[in-house]
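Below is one structure, written out as structure tokens; comments come after it.
The values are calculated or read from the model by the stated rules, or taken from the named source; none is laboratory data. It should be emphasised that the depicted structure is a prediction, and the values quoted were computed from it without experimental measurement. Every residue, glycine among them, receives a Cβ derived from its backbone with ideal geometry; neighbour counts consider all protein chains shown.
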């Protein structure tokens with residue numbers, strides 16, 4: 001498998017077809033609840049790290065924050081730029097590299113947009129870049145799945161019919177990663193993609209944060225911001241601050 005699977009898959013038109021019916025209302029409801037809890041100041045500088053096509057960046061900007069969306073996918077950023085305005089901008093950027101040092105009040109990484117890399121040092125590089133981008137009193141929010149919950153509730157195989165394409169999806173765990181294999185026929189040929197995400201646990205993140213100069217301050221277990229339970233919570237939503 002190509003180590004950087006996300007480069008081709010996230011830029012594929014089929015990725016956007018497969019995920020076009022995601023529950024956006026639930027996602028925006030989570031963001032609103034998070035903002036209600038955090039109480040950012042008007043005009044706060046916010047980075048939406050791995051922003052995709054920018055839907056949630058736009059939602060944040062509509063709240064009056066100064067939002068910068070970053071994503072590796074050139075096609076996604078090209079689409080997102082049509083919505084740019086005075087308090088909303090988008091850039092193609094590799095999250096492993098620094099961006100605007102000592103600049104942001106908040107860095108948000110939503111909806112399991114972490115753990116894609118083959119080498120753990122790249123995850124640490126990403127977190128170090130986050131720490132560098134934050135102002136001294138800034139806050140990092142990382143929204144990940146709960147690996148224990150995923151391992152105990154793996155759905156196996158399913159077929160999703162979307163826009164006339166039958167996406168055959170199989171989930172499995174191999175070693176330290178959860179895999180989602182996606183096979184389908186379109187445009188007269190067979191296609192196959194694979195998503196691969198590291199099964200990081202809360203102790204793993206605490207270790208990674210420490211290596212990157214970040215300190216965990218709080219953990220939630222779902223989009224209603226209930227306390228994290230290592231077996232029952234579907235999500236692992238972490239708040240962290242700089243240690244420097």
Quiz item: Any residue in the range 107-118 that is assigned by TED's automatic domain parsing to the domain that holds residue 57, more than 16 Å from the chain's Cα centre (by Cα) and at negative phi?
Solution: yes
Practice problem: Identify, by number, the condition in (1) farther than 23 Å from residue 91 by Cα; (2) touching a strand residue (DSSP E or B) at 6+ places or on another chain (Cβ under 7 Å); (3) modelled with pLDDT of 95 or more that residue 1 doesn't meet. | Solution: (3)
Practice problem: Run down 214, 236, 208 and say which single residue is out of contact with any strand residue (DSSP E or B) (no Cβ under 7 Å at 6 or more places or on another chain), within 22 Å of residue 138 (Cα to Cα) and modelled with pLDDT of 95 or more. | Solution: 208
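Just to confirm my filter: which strands (runs of 3 or more DSSP E) fall fully inside the range 157-244 and include at least 3 residues that are farther than 18 Å from residue 12 by Cα and assigned by TED's automatic domain parsing to the domain that holds residue 28?
214-220, 235-242
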Exercise. For the range 133-142, indicate whether the set of residues that are touching a strand residue (DSSP E or B) at 6+ places or on another chain (Cβ under 9 Å) and not in a strand (DSSP E or B) is non-empty.
Key: yes
Self-check item: Identity of the residue in the range 115-139, modelled with pLDDT under 95 and surrounded by 21 or more Cβ atoms within 10 Å (Cβ to Cβ), that ends up farthest from residue 236 (Cα to Cα)
Solution: 116
Quiz item: Any chance the range 46-55 includes a residue that's part of a helix (DSSP H, G or I) and in contact with a strand residue (DSSP E or B) (Cβ under 6 Å, 6 or more places away or on another chain)?
Solution: no
